[in-house]
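Accompanying notes for the structure given below.
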Amino acid sequence: MHSSAFLQSFLLASASLSLAGPVWPRFSVDNTHLEVLALRASTSVNPAAVSGVTCIDKNVNIVFHDQNVAELGICGGIAGTIQKCGGSPQTTTGTSGTAKFTLKAATSGATINISKGRWEQCVRAARAVCPTGSLSGTCAGGASTGNVDFTLASP
C-alpha cells in the first residue's frame with residue numbers, strides 16, 4: 001500500500017508541525033483569589049453608595065479576610081448583632097493584619113453614625129472600582145450631617 005519511506009516522511013512532517021506551534025506560558029491562580037472573586041460576584045453592588053473613589057496603590061497587598069475584619073472593626077466593632085456605629089465619633093478606625101480602614105465625617109462638627117449595611121455597601125462599591133490595593137472614597141450619608149470619607153490602606 002504505502003511505502004515505509006512515505007510513512008516515515010509523513011510522521012516526521014507531522015511531528016515537526018506540532019513542535020513548531022506556539023508554546024504558551026502556564027499561569028497559576030491562587031485559590032484565595034478565586035474565592036474572593038466568587039464572593040464579590042455573589043454580592044450586589046450599589047454604585048451610588050460611594051463617590052470619589054481613588055485607587056491609591058493597586059500593588060499594596062491587603063488580604064481579603066483582614067479587610068473584612070477591619071471593615072467590621074470600625075467604631076469599636078460592628079460585628080454580630082451591632083447594626084450601627086455607636087458613640088458618635090468624628091473619626092474611627094478598624095484594623096486587622098494587612099488592612100486599616102480610617103473613617104472621618106466629611107462635614108466639620110458632624111459625627112459618624114453609619115449603619116453596618118450602608119458601610120458594607122460603600123466598601124463593596126469602592127472595591128468594584130479598585131479591586132486590589134489601597135483606596136479612598138466617600139460614603140453617601142452615614143454621618144449626623146452629610147457623608148463619611150474613608151481610606152483603606154495597609155497599616
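The residue that is surrounded by the most Cβ atoms within 10 Å (Cβ to Cβ), among those in segment 101-141 that are on the phi > 0 side of the Ramachandran plot and over 21 Å from the mean Cα position of the chain (by Cα), is 141. Cβ separations smaller than 8 Å between residues 6+ apart or across chains give the following pairs from segment 98-112 residues that are over 17 Å from residue 154 (Cβ atoms) and outside any loop (DSSP other than H, G, I, E, B) to residues that are among the hydroxyl-bearing types (Ser, Thr, Tyr) and at pLDDT below 95: 112/88. Residues that are of a type in the set (A, V, I, L, M), in contact with a Ser or Thr (Cβ under 6 Å, 6 or more places away or on another chain) and part of a loop (DSSP other than H, G, I, E, B) within segment 113-155 are absent altogether.
Pairs meeting the criteria (first residue in segment 121-138 and of a type in the set (Val, Ile, Thr), second residue in a strand (DSSP E or B), beta carbons under 6 Å, at least 6 apart or on different chains) are 129/53; 138/51; 138/52; 138/147; 138/149. Whether any residue in segment 75-97 is under 16 Å from the mean Cα position of the chain (by Cα) and closer than 18 Å to residue 131 by Cα is what I want to check. Within segment 75-97, not a single residue is under 16 Å from the mean Cα position of the chain (by Cα) and closer than 18 Å to residue 131 by Cα.
The values are calculated or read from the model by the stated rules, or taken from the named source; none is laboratory data. The structure displayed is predicted, hence computed values, not measured ones. Note that we place each Cβ from the backbone using ideal geometry, even for glycine, and neighbour counts take in every protein chain shown.
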